Amino acid sequence: MTRPTLFTDCTVATMESGRPNYGLIEDAAILQRDGLIEWVGPSGAVPGKLSGMAEQSLQDRLVTPALIDCHTHLVFGGNRAKEFEQRLQGVSYEEIARSGGGINSTVEATRAAGFETLVSASLRRLDDLISDGVAVVEVKSGYGLTIDDEIRMLRVARKLEELRPVKIVTTWLAAHALPPAFKDRPDHYIEQVAIPGLVRAAEEGLVDAVDGFCETIGFSPAQIERVFQAAASLGLPVKLHAEQISDLKGALLAARYSALSADHLEFLSETDVPEFARAGTVAVLLPGAFYTLRETKLPPITALREHGVDIAIATDCNPGSSPLSSLLAAMNMACIQFSLTPEEALAGTTRNAARALGLAGMYGEITQGAKTELAVWDVAHPADLSYWIGRSPLHMRLSNRNYM
Ligand code: DI6
Ligand code: FE
């Protein structure tokens, strides 16, 4: 037990569900005890003083829930600047993938890198995110593509949590690309690597959720479904890279398996949105990939809104389609490219991102019972967070580890 803390002199954007205008409370106070929010409200209505309570003035700053990056490929070796040059000369992302580059070139570099090298390369990207006020980061495997190399990636991800005050959520993404050793044998890869590897990784406690790349250059819906069935039998939630460059109806497959999220969705058909909405699956939009691949087809934002689908925003931080390690920049891009409002962008990196990770109510909202994971900003209004490009107005993060 530590002393309860009352944070005073702040404006709070609670981002609580159902509250308009960011859940904004001017002249607010927040009471936390043992790493959990006990009360938030106007400073005039603070509940009776608790004995031994510490007070900390936030000097008229804005407080939001700490941000959540709910889709990253943060752990990888090498980089793909050469492919970036090729793409600028007109070679497409799919052509590069089909000719053995793309994801498979990062697989080679990731397998070749030592554990410590992977940790330190990933830490640099994680530190970028932390300086944007991020406290929860989802990290996928998917650049190992053997059982041992996939498991090693998740161990690197878990190591990051020991080295920084963040929560890391790990996702099994062995069904990301077909490695050369299984050329023309995708079903064997699913049987011999993706599924038995998942079982082993889950036994080792390394898996929070299961993902796949449902695409002509990835895996078919039928192959993904086998992985989803294995996830279901292990009691693990699923999510899916769906409709990024073609419409294979991955989002509907994800919905059928009550997926936490379906991600990308540029090619999601408007007519599929009602069924998608019924599942309560979160739509995770990835503006960094849209930008990098110079995509022009927009996800069906209006239909998603009309059907009440929760929208989250993430960096998709990866060396190929989204070399982006700023979540604030992703929020700006979501406003400019996808016409999200700054409030939708912030909901997308707080409350809805928490839902996309199965962490609703615990992270991403300043509400009674949530963790004390706060970002304190040198700005007057929450719209400022989506407005500026390439600088972080973060003053500090308040991490629940300091209060337990
Ligand atoms: N979709 C993506 O945007 C990333 N993975 C995926 O399935 C790209 C990964 C890469 O190009 O390395
Ligand atoms: Fe991705």
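The values are calculated or read from the model by the stated rules, or taken from the named source; none is laboratory data. These numbers come from a predicted model, not from an experiment. No Cβ is skipped: glycine too gets one built from the backbone with ideal geometry, and neighbour counts run over all protein chains shown. Quick note on the areas: whole protein, heavy atoms, side chains included, nothing else; ligands and nucleic acids left out. Shrake-Rupley method; radii C 1.70, N 1.55, O 1.52, S 1.80 Å.
Some notes on this structure:
- Here the spin labels are modelled as points 7 Å beyond Cα on the Cα-Cβ line, and at residue 233 and residue 401 they lie 3.7 nm apart.
- Centroid-to-centroid, using Cα positions, region 269-347 and region 369-404 are 22 Å apart.
- Cβ-defined net charge surrounding residue 88, 13 Å radius [Lys, Arg +1; Asp, Glu -1]: +2
- The trypsin sites (Lys or Arg not before Pro) of region 310-404 that meet both conditions, a loop assignment by DSSP and at most 14 other Cβ atoms within 10 Å of the site Cβ, are 391.
- Simple label model, 7 Å out from Cα along Cβ direction - residue 158 to residue 302, nm: 4.8 nm
- Whole-percent carbon and sulfur share, accessible surface of region 88-189, 1.4 Å: 51 percent
- Prolate/oblate/rounded call for region 80-135, Cα gyration tensor, a/c under 1.5 rounded: oblate
- Between residue 336 and residue 94, the contour length at 0.36 nm per residue exceeds the Cα-Cα span by 84.6 nm.
- Ordering of 194-202, 97-105, 234-242 by burial proxy (mean other Cβ atoms within 10 Å per residue, highest first): 234-242, 194-202, 97-105
- Around the Cα centre of the chain, unit charges on the Cβ atoms of Lys, Arg, Asp and Glu (plus for the first two, minus for the last two) sum to a dipole of about 620 debye.
- Computed from label points 7 Å out along Cα-Cβ, the spacing between residue 389 and residue 54 is 4.1 nm.
- Volume of the convex hull of the chain (Cα atoms only), normalised per residue: 128 Å³.
- Of all accessible heavy-atom area on region 259-404, the percent that carbon and sulfur account for (1.4 Å): 51 percent
- Net lengthening on full extension, residue 249/residue 270 (0.36 nm per residue, minus Cα-Cα): 6.4 nm
- Amide H contacts of residue 167 (H built 1.01 Å from N, under 5 Å, at least 5 apart or other chain): 136, 137
- Shape of region 20-120, Cα gyration tensor, a/c cut at 1.5: prolate
- The residues of the chain present an accessible area of 39 Å² per residue when probed at 1.4 Å with all protein chains retained.
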